[in-house]
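To start, I am sharing the structure in question, which I have written as structure tokens.
The values are calculated or read from the model by the stated rules, or taken from the named source; none is laboratory data. What you see is a predicted model, and the numbers here were worked out from it, not measured in a lab. Glycine also receives a Cβ, built like all others from the backbone with ideal geometry; neighbour counts cover every protein chain displayed. Areas reflect the complete protein model, heavy atoms only, side chains present, ligands, DNA and RNA absent. Shrake-Rupley method; radii C 1.70, N 1.55, O 1.52, S 1.80 Å.
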Amino acid sequence: MRILLNGEICDIEATTLAQLLIEKDYRHPAIATTLNGCIVHRQDRSKTELTPGDRIEIVAPIGGGLIMVSFYGVNLTNPLLLGTAQYPSPAVLAAAIRASRVEVVTASLRREAGGGQAGRSFWELITDLPVKVLPNTAGCYSVKEAVTTAQLAREVFATRWIKLEVIGNSDTLQPDVLGLIEAARILCNEGFEVFPYTTEDLVIADKLLQVGCEVLMPWGAPIGTGRGLNNPYGLKSLRAHFKGVPIVVDAGIGLPSQAAQAMEMGCDAVLLNTAVAKAGDPVAMAKAFADAVAAGQAAFHADPIEMSDMAAPSTPEIGKAFLT
């Protein structure tokens, strides 16, 4: 049987998760397992049957490493999410996904001509990779357009996930937050699991949660600008007010250091596209971003020191020799 084990194609003889652990010599007790994005508890491994194509992750504690984040009950070990547009070629996109080890990629819908192969080619590329697709409503300027696009995306991708965009300004691509709330209300009532592309506004965030969203996706800066985090104070306030809500910084990130900064604030994940796709070496840049979000996450959980207006010597004064 052929499966994906920790991101690698693997042929196995085991038929259950417990048998797999024995076959691959995972014998120590301090491990956790997921099957197709869902945690399998220790007591359930012996009755969890495997099928060809299953995606299995086996993790163990190490000195550092990524903290699991959960979106609508789906657990991820990589807090980097990647867009799939504007890459030089499908091969480069696939290589960037592999290099960064992302588990979620975004995808949008566009018209397909009769006899066209673009959609089919993209579908085959994505389904060959160990990733979950987060469809989006990119380019939608009205509630009706966004809702209809989301419904079409569910038909194509067979998922309840949707990254909801309702654009309000064609120059800045700023979200129309009033339309966003209305579209989110409609889609949540239809059973969608909505990832709303929003601003860092606390009132808007609260209203999105009230209509059923369980994730917030505030922008860092306007889409594609690479400006980083325009309003760090706003993002910090959002994190402080909604402690138990996953926050994904989406859009405007240009450098790995900016992604690390978002994670250092306590955000749960970063979603980006242009910064990787348009880089001189997209594959190397994807790896750099993956390393950066891991470093930022580790720094946040290490409890950094607070900033101070006054200098404080790191070398003790006590015991200093008098040499004057």
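Just checking, how many residues over the stretch 258-283 are touching a residue at least 60 places away in the same chain (Cβ under 8 Å), of a type in the set (D, E, K, R) and closer than 24 Å to A91 by Cβ? Steps first, answer last, please.
Keep residues of the stretch 258-283 that are touching a residue at least 60 places away in the same chain (Cβ under 8 Å), which gives 259, 263, 268-274, 276-278, 282-283.
Next, only the ones that are of a type in the set (D, E, K, R) stay: 268, 278.
Right, trim to closer than 24 Å to A91 by Cβ and you get 278.
Summing the residues that are touching a residue at least 60 places away in the same chain (Cβ under 8 Å), of a type in the set (D, E, K, R) and closer than 24 Å to A91 by Cβ in the stretch 258-283 gives 1.
Looking only at the stretch 244-282, how many residues end up being under 14 Å from V69 (Cβ atoms) and open to solvent by 40 Å² or more (accessible area, probe 1.4 Å)?
The total comes to 2.
Out of the stretch 33-52, which residues are in contact (Cβ under 8 Å) with a residue 40 or more places away in the chain and loosely packed, with under 13 Cβ neighbours inside 10 Å?
Just the residues of the stretch 33-52 that are in contact (Cβ under 8 Å) with a residue 40 or more places away in the chain, to begin with: 34, 37, 50-52.
Matches in the stretch 33-52: T51, P52.
Here's another thing I want to ask about it. If you go through the stretch 1-53, how many residues are among the polar types (S, T, N, Q) and either in a strand (DSSP E or B) or touching a His at 6+ places or on another chain (Cβ under 6 Å) (or both)? Lay out the reasoning, then the answer.
Keep residues of the stretch 1-53 that are among the polar types (S, T, N, Q), which gives 6, 15-16, 19, 33-34, 36, 43, 46, 48, 51.
Then keep just the ones that are either in a strand (DSSP E or B) or touching a His at 6+ places or on another chain (Cβ under 6 Å) (or both); that gives 16, 33-34.
Summing the residues that are among the polar types (S, T, N, Q) and either in a strand (DSSP E or B) or touching a His at 6+ places or on another chain (Cβ under 6 Å) (or both) in the stretch 1-53 gives 3.
How many of the residues in the stretch 167-184 are closer than 13 Å to W219 by Cα and of a type in the set (A, V, I, L, M, F, W, C)? Working first, answer last.
Step one: of the stretch 167-184, the residues closer than 13 Å to W219 by Cα are 167, 172-177.
Among the residues that remain, those that are also of a type in the set (A, V, I, L, M, F, W, C) are: 167, 173, 177.
Selection size over the stretch 167-184: 3.
Something else about it: Kindly indicate which of D206, D303, D309 is modelled with pLDDT of 95 or more, farther than 18 Å from N78 by Cα and either aliphatic (A, V, I, L, M) or open to solvent by 10 Å² or more (accessible area, probe 1.4 Å) (or both).
Working: D303 fails: modelled with pLDDT of 95 or more; D309 fails: modelled with pLDDT of 95 or more.
Within the list D206, D303, D309, the selection yields D206.
Out of curiosity, is I58 in contact with a Leu (Cβ under 8 Å, 6 or more places away or on another chain), under 24 Å from Y72 (Cα atoms) and either of a type in the set (V, I, T) or open to solvent by less than 50 Å² (accessible area, probe 1.4 Å) (or both)? Even if it seems obvious, please write down each step before you answer.
Numbers: in contact with a Leu (Cβ under 8 Å, 6 or more places away or on another chain): yes; under 24 Å from Y72 (Cα atoms): yes; either of a type in the set (V, I, T) or open to solvent by less than 50 Å² (accessible area, probe 1.4 Å) (or both): yes.
Yes, satisfied.
Which residue pairs have Cβ atoms under 6 Å apart, sit 6 or more places apart or on different chains, and have a first residue in the stretch 183-194 that is surrounded by fewer than 24 Cβ atoms within 10 Å (Cβ to Cβ) and a second that is part of a helix (DSSP H, G or I)?
Taking only residues 6 or more apart or on different chains, the pairs are I186/V147.
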